[in-house]
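Contents: one structure, followed by commentary.
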Amino acid sequence: MNVHDILRNPDEHVRFAAYLDKLGHVADANELDLVSSVLTDPDQTMAQSAVLRHLDRRAAGFYPGQAYEGWAQAMTQVMIGHPFLAQRLREWSLFRAITLKMPWQPEALLTSSDWLQLKTAAGTNTDAMEMLAEAGRTKRIRNTARIGLNHRSEN
């Protein structure tokens, strides 16, 4: 089944599942075209949700390695016109910088989404965890960072 066949199905739940399946098996060379095609679906909430899952899955696998940079640059072009997806990609890049102890701006973390703050609070960068333990946006984020810091100090 190709993307055009998927688009003909009136049930967005069926299309969502089909998109996830296609995105989960796409070859690297065809990824950008497939993501672009999914984003043409008339149900933008569903389409962006499918792409978000794909983006998170791929970024989680790529962020520690060298391939991330090229992949993120290419995906940035596809995300033009989709602010939420573009923001998530930027936050994956910030998470990468924090985790790999590359240069990053504290203000960027403090103004980031709850998703990134919570992911970072549960991470390995002590400086970021200390910052979030003090100034994380939510009680959950602050507590997660404190628990992580306490666990690290016990080891």
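The values are calculated or read from the model by the stated rules, or taken from the named source; none is laboratory data. Worth saying up front: this structure is predicted, and the values here are computed from it rather than measured. No Cβ is skipped: glycine too gets one built from the backbone with ideal geometry, and neighbour counts run over all protein chains shown. Ligands, DNA and RNA are stripped out before the accessible areas are found, and what is left, the full protein with its side chains, is counted by its heavy atoms. Shrake-Rupley method; radii C 1.70, N 1.55, O 1.52, S 1.80 Å.
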Within region 57-90, of all residues that are within 14 Å of Glu31 (Cβ to Cβ) and of a type in the set (D, E, K, R), the one least open to solvent (accessible area, probe 1.4 Å) is Arg58
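For residues that are open to solvent by 90 Å² or more (accessible area, probe 1.4 Å) and either over 22 Å from the mean Cα position of the chain (by Cα) or not acidic (Asp, Glu) (or both), scanning just region 124-139, find the one that is farthest from Lys101 (Cα to Cα). First the steps, then the outcome.
Quick first cut of region 124-139, residues open to solvent by 90 Å² or more (accessible area, probe 1.4 Å) only: 127, 130, 134, 137, 139.
Filter once more, so that each one left must be either over 22 Å from the mean Cα position of the chain (by Cα) or not acidic (Asp, Glu) (or both): 130, 134, 137, 139.
Numbers: Glu130: 15, Glu134: 20, Arg137: 22, Lys139: 25 Å.
Here the answer is Lys139.
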Practice prompt. With the condition kept exactly as written, say whether any residue in region 140-155 is surrounded by 14 or more Cβ atoms within 10 Å (Cβ to Cβ), of a type in the set (Lys, Arg) and closer than 23 Å to Tyr68 by Cα.
Written response: no
Pairs returned, first residue in region 37-53 that is within 13 Å of Met75 (Cα to Cα) and of a type in the set (A, V, I, L, M), second residue that is assigned to a helix (DSSP H, G or I) and open to solvent by less than 20 Å² (accessible area, probe 1.4 Å), beta-carbon separation under 7 angstrom, 6 or more apart or interchain, are Leu39/Ala47; Leu39/Val51; Val51/Val35; Val51/Val38; Val51/Leu85; Leu52/Leu85
Picked from region 1-32 (must be among the β-branched types (Val, Ile, Thr) and at pLDDT below 95), the residue most open to solvent (accessible area, probe 1.4 Å) is Val14
